[in-house]
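Some notes on the structure that comes next.
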Amino acid sequence: MNTASTRRETDVKKLMKYVRSLAGPVNVSTENLDKIKDAMVDIADKTELWCEEEFPAPRGDKVQTRYLITQDDDDSYALYLNVMHTGKVAPPHNHTTWACISAVEGEEYNYRFETETDGPLLPGERVINQTETIIVKPGMGIGLLADDIHSIAIHEGTSTRHLHLYGRGLETLDKRLMWDKDHTKCEYFVMDVKTTK
């Protein structure tokens with residue numbers, strides 16, 4: 001194992017121990033989510049841990065490669081590195097668990113939405129409106145609660161590297177919702193990118 005790999009393993013273990021002390025797999029307070037976000041920004045700042053040599057950018061027609069960095073044996077506390085090219089877009093969606101995103105390099109546009117009506121999030125008619133744009137770039141991050149709705153897009157540059165941390169592994173989140181282009185109805189989210197382990 002090379003020096004960067006050893007450092008990454010040590011730093012990731014330290015991060016995940018800290019995260020487990022602050023949040024359950026689904027529930028987290030807003031205050032603790034901010035603390036997790038700050039820790040994510042710190043580890044993303046160590047750019048040598050997330051280099052092209054170990055985590056190559058997508059080739060050919062692909063615009064995203066998602067690497068699993070670590071995940072607990074019960075599929076909770078999952079950390080991924082997303083390497084994405086210009087043109088990558090994810091429609092508005094929720095996660096059903098909390099999430100934090102931080103930037104190693106490049107800019108990931110995050111658009112936040114709110115529903116026009118209150119109540120549980122279920123498939124069907126449900127109008128949402130954009131409320132905020134947050135550009136996640138080096139030195140910045142974003143935290144999302146389980147029912148928060150956001151979309152992402154990569155508009156500039158050739159490649160971005162962003163760390164995404166979830167209370168539970170993405171492959172286990174079978175009740176996530178995604179909205180149509182008109183933002184008026186939603187259905188269960190179908191992942192279009194397989195995770196590289």
Going 7 Å from the Cα of residue 18 along its beta-carbon direction, which residues of the range 37-57 have the amide nitrogen within less than 18 Å of the resulting point? 37-50
Would you mind calculating the gained length between residue 147 and residue 10 on full extension (0.36 nm times residue separation, minus the Cα-Cα distance), in nm to one decimal? 46.1 nm
Stokes-Einstein diffusion coefficient of the range 1-74, Kirkwood radius over Cα pairs, 25 °C, 0.890 mPa s, in µm²/s: 173 µm²/s
Acute angle (nearest 10 degrees) that the helix 3-22 long axis makes with the longest principal axis of the chain, alpha-carbon atoms: 40 degrees
In µm²/s, what is D for the range 109-197 at 25 °C and 0.890 mPa s, where D = kT/(6 pi eta Rh) by Stokes-Einstein and Rh is the Kirkwood radius from Cα pairs? 166 µm²/s
Using the heavy atoms of the protein chains and a 1.4 angstrom probe, tell me the accessible area per residue for the range 1-45 in square angstrom. 60 Å²
Log10 I(q)/I(0) at q = 0.12, 0.25 Å⁻¹ for the range 23-115, from Debye over equal alpha-carbon scatterers, is -0.45, -1.56
Projected area averaged over all directions for the convex hull of the alpha carbon atoms of the chain, nm², comes out at 10.8 nm²
Once you wrap a convex hull around the alpha carbon atoms of the range 80-144, what is its projected area averaged over all directions, in nm²? 5.3 nm²
Please work out how much length the chain gains when fully extended from residue 30 to residue 172, using 0.36 nm per residue of separation minus the C-alpha to C-alpha distance, in nm with one decimal. 48.8 nm
Starting from the Cα of residue 134, move 7 Å in the Cα-to-Cβ direction to define the label point; list residues of the range 151-165 whose amide nitrogen is under 17 Å from there. 151-154, 162-165
With all protein chains present, the range 1-94 has a carbon and sulfur share of its accessible area (1.4 Å probe) in percent of 49 percent
Could you state the per residue volume, in Å³, of the convex hull enclosing the Cα atoms of the range 68-113? 101 Å³
Comparing 34, 74, 147, which has the greatest mean-square fluctuation in the GNM of the chain with Cα pairs linked when under 10 Å apart? 74
In whole Å, what is the distance between the alpha-carbon centres of the range 80-139 and the range 1-68? 18 Å
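The values are calculated or read from the model by the stated rules, or taken from the named source; none is laboratory data. Just so it is clear, the model here is predicted, and its values are computed rather than measured. Methodologically, a virtual Cβ is constructed for each residue, glycine included, from the backbone with ideal geometry; neighbour enumeration extends over all protein chains shown. Heavy atoms of the whole protein, side chains included, go into the accessibility calculation; ligands, DNA and RNA do not. Shrake-Rupley method; radii C 1.70, N 1.55, O 1.52, S 1.80 Å.
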